[in-house]
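Bear in mind that the values in this text are calculations on the coordinates, not laboratory data. Since the structure is predicted, the reported quantities are computational estimates derived from the model, not experimental observations. We place every Cβ from the backbone using ideal geometry, glycine too, and count neighbours over all the protein chains shown.
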Amino acid sequence: MTPSHAQTLLQQKFGYQNFRENQEAIIHHILQRKDTFVLMPTGGGKSICYQLPALLFEGLTLVISPLIALMKDQVDALTLNGIPAAYLNSTLSPSEQEGIKQKLRANELKLLYLAPERLLRTEGEFISFIRSLSISLIAIDEAHCISQWGHDFRPEYRMLSRLKKEIPNVPVIALTATADKLTRKDILEKLALKDPVTFISSFNRPNIRYLVEPKQKSFDRLLEFLDRHKDDAGIVYCLSRTSTESIAEDLRREGFQALAYHAGMDKDMRAKHQEMFLKDDAKIIVATIAFGMGIDKSNVRFVVHMDLPKSIEGYYQETGRAGRDGLSSEALLFYSYGDVMKLRSFAKVEDNEEQTRINLQKLEKMASFGELTTCRRKFLLNYFDEEAPPTCGNCDLCLTKPDTVDATVIAQKALSAVVRLQERFGTGYVIDLLRGSQAEKIREEHKQLKTFGIGADISKEDWQRYFNELVSLGYLQKSEGQYPVLQLTSKSAAVLKGLEPVFLTRSREKIEVKTYSSEPAYEAELFEQLKNLRRILAAAEGVPAYIVLSDATLVEIATYLPLDKNGFSQISGFGELKLAKYGEKFCTVVDDYCTLKKLPSRIHLKQPKHQRKERPEKISDTKQQSFDLYRSGRTISQIASMRELSINTIETHLAFFVGSGELPIDEFVSPEKLSTIEKVVREHGTKVLSPLKEILGDDYSYAEIKMTIAHLNRSAIS
């Protein structure tokens, strides 16, 4: 059970040349029989983290999964890779279930998928059967379901707290795609994991483009969006069951293959619609959040939210169902502050003030995302305690250039209205006051204020946008609670006194984005031919097409044009069994295409990922200035003050020179601390600093961790 064995199995069974972020370290810890907690984004490769150890261990791996569809998907995919796996759930007849139990007794299966209630139901008969087997590992997928602070709490998951007592001395790996600090802590406590090693991967999904539009004429805008995705599969999320059915019907009327899905539908109809979507017989599923958790469909190219999700965690997980194969995908949200008001009433939990408070906090964060004027990806990553650059180049705000105007007078009117109302009212009321509304809710005494009606020349929508931006820029803030009110900040006075001008966005102009790639372009016509062959093979197997091969694999084939078995073995997704089973068929299609088009193979251009060297980071002028000042004897805080930059930025500059070897590590980190930090970094990875800081505690600074990582990277290169 060595790392080399794991690497070999990764290629042979799953068809991948290299592990992705943290996978190898996670597998290494599991093989040492240590409890492990994994936080990894949707599409990040969580399943490999327990499926591969299952092959290296002698006995059976139990996988606790909340959804039947997820079990079937996983087992179908494993079976196609030649891995003996099965599931036990209510879709199987008694004789089918007995057949699987016989295989378990005969040690013929490596993985068994179960729902939590089946494993630990009260009568205990099934757990006795499980204990009679040789269990080597327990994997708990969607682990956030055990926490009442998680965005998808499921009461049946609470019984998993007994797991360690019922099946002792077996390592447990708990996995989830989304969990904030509070939820992570709750998961670890509820599952009673023993000294668990925690791995937190980067939350960045660079292939997903985040888009937000105002919720005005949203169905017309949806049609325009879908016209760009005519041949693509996607999910449209709605808040209500009625909306899913009406929008699906309207889309069908417009010529789209759309089906509804919600918890109130007949069980068989729901299963049929899901199956049609998974097999590409329907391109669009219009659903409530009841759909999608754990769905492995890798070729979803877009996710649309017609209504506001309740939390960033929910939004992130739902958008994460797009682009699991790594190809470009889009996430569109229609935002309205009216949705925020509506969801506030749903956030209240009877007799539980603490959970109500947390629900409202999560909702306000979601509202802030919809009202952003700066990079959306940075906001998402920062929410999950991950650092991010100020712009990402792949969200609507980074892809547009703001047309700003001097809006000082508008800002003064807005702030004056908040002052006159004694900071006791919300945005909607303040806007109505400014516009001179005669609505009954406007108090008579407020109609006498000087600010009443002074903004009647500005539309309600524009005022809403201006207030959002004033909050975003820090000239106003919102209080917490179910009914947040607008309040002044330390920056407000200068604007009211006319000492500081305010520039607000009038409109946004699209930036022309040119993408550059060292990869050769793929043959689109061949890609369609490969998809057609995949569809035929999938129909013969009775599985969704993406389980045979992902779109990303087909794009690789259409890019590098492999013409023999050796060439196909270099394509990601072709393990030994799939190569033997499908290689010749795909090779024939590629060969015929290349002959017709007179194209040579490009497989020689494909380099294994581990052989690709990243371009060395350039020493920018700003880094050099910080370096020169440090060399002249200035402290980090002095440099930050002199250059009007944050201390964090200066530390990052100097860490670059630690990584290049021009600054010695011992100037920043003592030898005792260095060895401790190195150990934690090697165990938990380096993508996200905050969990490392949590583990190390207050005696260690972010600067010391950052410098140590730079030092380790230099050691690895040399």
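A few notes on this one:
- Straight Cα distances below 22 angstrom link Lys194 to the lysines Lys34, Lys46, Lys164, Lys165, Lys181, Lys185, Lys679, Lys693, with same-chain residues fewer than 8 positions distant left out.
- Karplus-derived 3J(HN,Hα) values for the range 579-590, using 6.51 cos²θ - 1.76 cosθ + 1.60 with θ = phi - 60°, are 5, 5, 7, 10, x, 5, 5, 5, 4, 4, 4, 5 Hz; glycine and proline are entered as x.
- Candidate aspartates and glutamates - alpha carbon under 19 Å from Lys101, same-chain residues fewer than 8 apart omitted: Glu58, Asp76, Glu117, Glu123, Glu125
- Each label was represented as a point 7 Å from its Cα along the Cα-to-Cβ direction; for Asp591 and Asp266 these points are 4.9 nm apart.
- Euclidean distance between Cα centres, the range 131-192 to the range 363-407, Å: 33
- Residue order, fewest to most surrounding Cβ atoms within 10 angstrom, among Thr553, Thr408, Thr708: Thr408, Thr553, Thr708
- Restricting the range 352-458 to trypsin sites (Lys or Arg not before Pro) that sit in a DSSP loop and have at most 15 other Cβ atoms within 10 Å of their own Cβ leaves Arg424, Lys441, Arg443, Lys450.
- With contacts taken as Cα pairs under 8 Å at a separation of at least 6 residues, the chain carries a relative contact order of 12 percent.
- Separation of the range 416-479 and the range 1-73, taken as the distance between their Cα centroids, equals 55 angstrom.
- Computed from backbone phi, the HN-Hα couplings of the range 191-203 come to 7, 6, 5, 8, 6, x, 8, 9, 10, 10, 8, 4, 8 Hz, rounded to whole numbers (Karplus: 6.51 cos²θ - 1.76 cosθ + 1.60, θ = phi - 60°; Gly and Pro given as x).
- A dipole drawn for the chain from +1 and -1 charges on Cβ atoms has a positive end, and of Ser670, Ser368, His446 the residue lying farthest that way is Ser670.
- Taking a ≥ b ≥ c as the square roots of the Cα gyration tensor eigenvalues, the range 292-378 comes out prolate, since a/c reaches at least 1.5 and a/b is larger than b/c.
- Spacing of the two label points (7 Å from each Cα toward its C-beta) at Thr408 and Asp227, in nm: 4.3
- Per-bin percent of Cα-Cα distances, the range 401-510 [5 Å]: 2, 12, 24, 25, 20, 11, 5, 1, 0
- Here the sum of -39500 (n - 2.57) over DSSP H runs of 4 or more residues, divided by the residues of the chain, equals -13500 deg cm²/dmol at 222 nm, to the nearest 500.
- Global form of the range 524-611, assessed from the alpha-carbon gyration tensor, a/c cut-off 1.5: oblate
- Among the lysines of the range 401-510, pairs at least eight places apart or on separate chains and with Cα atoms under 21 Å apart come to 16.
- Among the GluC sites (Glu not before Pro) within the range 194-255, those in coil by DSSP and having at most 15 neighbouring Cβ atoms inside 10 Å are Glu254.
- Taking amide hydrogens as placed 1.01 Å from N in the peptide plane, the amide H of Ala233 sits under 5 Å from those of Arg301, each at least 5 positions away in sequence or on another chain.
- Each of Val590, Val680 has some number of other Cβ atoms within 10 Å of its Cβ, and from fewest to most they run Val680, Val590.
- Averaging 1/r over every pair of different alpha carbons in the chain and inverting the result gives a Kirkwood radius of 28.4 Å.
- Packing-based exposure ordering (other Cβ within 10 Å, fewest first) of Met40, Met276, Met269: Met269, Met276, Met40
- This model, with +1 at the C-beta of Lys and Arg and -1 at the C-beta of Asp and Glu, gives the chain a dipole about its Cα centre of some 220 debye.
- For the range 78-185, applying the loop criterion from DSSP together with a ceiling of 13 other beta carbons within 10 Å to the GluC sites (Glu not before Pro) yields Glu108, Glu123.
- Each residue of the range 481-488 is assigned a 3J(HN,Hα), and the resulting list reads x, 5, 10, x, 10, 7, 9, 6 Hz, derived from the Karplus form 6.51 cos²θ - 1.76 cosθ + 1.60 (θ = phi - 60°), x at Gly and Pro.
- For the range 555-587 versus the range 316-333, the spacing of their alpha-carbon centroids is 26 Å.
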